[in-house]
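So the structure is just underneath, and the comments pick up after that.
Values quoted throughout were computed directly from the atomic coordinates according to the rules given, and no laboratory measurement underlies them. Please read all numbers here as calculations on a predicted model, not as lab measurements. Don't worry about glycine lacking a Cβ; one is built from the backbone with ideal geometry, like all the others, and counts go over all protein chains shown.
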Amino acid sequence: MLRNSRRPRDLARRRVHTAVTTSLAAVAALLVGGAASPPAAADPARPAAVPVRLDPGYQQAPFEGWGTALAWFANVTGGWPDAQRNRLADALYGAEGLGLTIARYNIGGGDSPQTEPYMRAGAAVPGHWKRPGPQTPDGWDPGNPDHWDPYADANQRWWLKAAKARGADTFEAFSNSPPYFMTRSGLVSGAVDPRQDNLRPDQYERFAAYLAGALQRVQNSTGVTFASVSPVNEPGTAYWCAGGPQEGSHWAPDSQARMITALRAELDRSGLRTAIAAMDETDPDMFRANWDGYGSTVRSAIGRLNTHTYGTNGRSGARDIAKGSHTPLWMSEVDLGGTVPQSFTDMSPALDLAERITDDLTRLEPRAWVLWQAVEDYENMTPAHENSNWGLIQTDFTPADAAKEPLRRNKKYWAMAQYSRFIRPGSRVIGTDDDHTLAAVRPGGRGAVVVHTNPAGSARTIALDLTGFRDVSPAPVQRYTTDATRNVRREADVSITGKHLTVTLAPHSVTTLVVPGASGVDPERAAPAAGPRLLVNDHSGLALAAASPGAGSALVQRRPHGPDAAQQWTLTRSVPGDWSSTASYRVTNVGDGPAPGLAPRAPTQRAPGPGPEQHGILCTTRDRPPPLVHSA
């Protein structure tokens, strides 16, 4: 990540509809028909309750967890006195803290010992190499054990062990830069020209060996196993410039592809089954642009897709790439400094973070959500410097006495806890129809969790519709609140009436509701609703129609006309009872029954059959209407 004026921001939280380029999604989006119930008479004495419908018939893949990158705070605090660093580890990974289960370890590149320090506090992450001699850095041989520092980066390694001891079970390694002696500029902060790759063209294989060797040595010394390794970070940006305050490197798409291929070959040669994660781009739009430049061989070498959400446009594109390629997707890095000066009591930064979490999980559909460093340099956040609210905890990275340095939690910490303490690994995020609500069924499918953000300055009443569940017992609903005066405080339980729940939420608050008695799916209520519907092109506004008899197999588009049987289509689950977000649907015309063949460029109609080209996936919980994407 890079914190400066060039970082894209999404303060307006624009809602963007991204066209999908694969298959039928480029042709039609689903319009769900049906008569709306007449609105209830409003009570003029109080604002109407905001209706929020939960749809357990749309369940994302099991959630893998919440996490943080360890750079740069672990490079500092991992060397602090035991009592202090353990307090921090408890606050992040402990059961009474945030309960994080993912740690991203930064494999540092490392500048020359002769280079005068120039990076921000904590950002000079140590490299794992030893130089053969000051005059011969290019003589470094990854195959020579004497050219490695087996004790490098002890502070981050402490954090890996501390996280594991507290229950973390998912670890990823990532690189921001190659070692200085593999770069064009001789610095790990980037090339002289920030639009130029900093890795020298003859160093790909040696850098791959460096990453694999560091990975093995850290695993052996800590007892953790890295599930994945990411060789590039925010590669398509022009952030990284020689002499900048942190490690970074530009990579053109073909350079990214070459690095991924070289690393996969080296991991295989070393007997490491570690998956490659790629490409940790700064936002989903740039992620997709990079992905489009990869060939099939490169794509097949990637075991996990990673994107950051410092910018939020294009979430649906990244989501559908993951679905179409059957590759898990992570939101692997983000944080927000907020729009107010440094504060530990203002709810504004917390509300911004909560809305970003909700939007990311409902629109991007990642299997994990990972924060940029959860602990920030307090001094750097003061009014004399950035005057901002990065991090969940702020502490001085250059303290006079680390043992006595305060660990300052801000309201973002408690907002994060409203999610991470309750939506646990194995949960499945489900559909909702409200932009401020995130909901999930708990592991095993018994019970649900609802997190609602109220950014308004007045109380808000929500009316939860739980009729999508097969069963809802009258067990009391637990309620936890963070606002200006409360930090994940348990409030009075709330009662359910039938399958409905009405609750009033405080102004400027994040509230978690735990509904222990909700389970199963009512098939009559699961989206999409039964019955024929139009399929309308998002761009042209025209409806998909079956060709007239004798006119061939090509599908046509016409002005929408509900009574026209040729424009009426039904969606049928390919596997009854499959409530996953990747469930496929057969698309059938109500007229003479042909189904559209979902060829990438020219959908055609044909007799119904079992082929995957006749099936599509509903690709989001939040888009209205939800589009289809090819399942094959």
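Brief remarks follow.
- Model label zone, residue 165; criterion: amide N under 17 Å from point 7 Å along Cα-to-beta-carbon; scope the stretch 203-241: 221-225
- A Förster radius of 45 Å combined with the Cβ-Cβ distance from residue 254 to residue 558 puts the calculated FRET efficiency at roughly 0.55.
- Pairs of C-alpha atoms in the stretch 65-420 farther apart than 37 Å represent 13 percent of all such pairs.
- The simple spin-label model puts a point 7 Å past each Cα toward its Cβ; for residue 272 and residue 149 those points are separated by 1.8 nm.
- Virtual spin-label span in nm between residue 459 and residue 537, 7 Å along Cα→Cβ: 5.1 nm
- Using θ = phi - 60° and Karplus 6.51 cos²θ - 1.76 cosθ + 1.60, couplings along the stretch 47-53 (whole Hz; Gly, Pro as x): x, 5, 5, 7, x, 9, 9
- Dividing the mean sequence gap of close Cα pairs (under 8 Å, 6+ apart) by how many residues the stretch 65-420 holds gives a relative contact order of 17 percent.
- Label-to-label distance, nm, for residues given as residue 384 and residue 238 (7 Å Cα→Cβ offset): 3.4 nm
- Projected onto their three principal axes, the Cα atoms of the stretch 405-496 cover extents of 51, 32, 25 Å, largest first.
- Solvent-free Debye calculation, one equal scatterer per alpha-carbon of the stretch 189-332: log10 I(q)/I(0) at 0.11, 0.12, 0.15, 0.17 Å⁻¹ equals -0.40, -0.48, -0.76, -0.97.
- With only the Cα atoms considered, the stretch 92-222 has a convex hull volume of 123 Å³ per residue.
- 3J(HN,Hα) couplings calculated from phi for the stretch 268-282 with the Karplus curve 6.51 cos²θ - 1.76 cosθ + 1.60 (θ = phi - 60°) are, in sequence order, 4, 4, 8, x, 9, 8, 4, 6, 8, 9, 8, 10, 6, 6, 5 Hz; Gly and Pro show x.
- Gained length - residue 471 relative to residue 446, 0.36 nm times residue gap less alpha-carbon distance: 8.0 nm
- Karplus-derived 3J(HN,Hα), 6.51/-1.76/1.60, for each residue of the stretch 456-462, Hz, glycine and proline x: 6, x, 10, 4, 10, 9, 10
- Measuring r between the beta carbons of residue 491 and residue 87 and using R0 = 22 Å, the FRET efficiency lands at 0.20.
- Interchain or long-range residues, amide H under 5 Å from residue 469's placed H: 522
- Links that overshoot a 29 Å alpha carbon limit, given the list 130/161; 130/412; 164/404; 164/411; 161/412: 130/412
- Residues with amide H under 5 Å from that of residue 58, placed H, sequence gap 5 or more: 431
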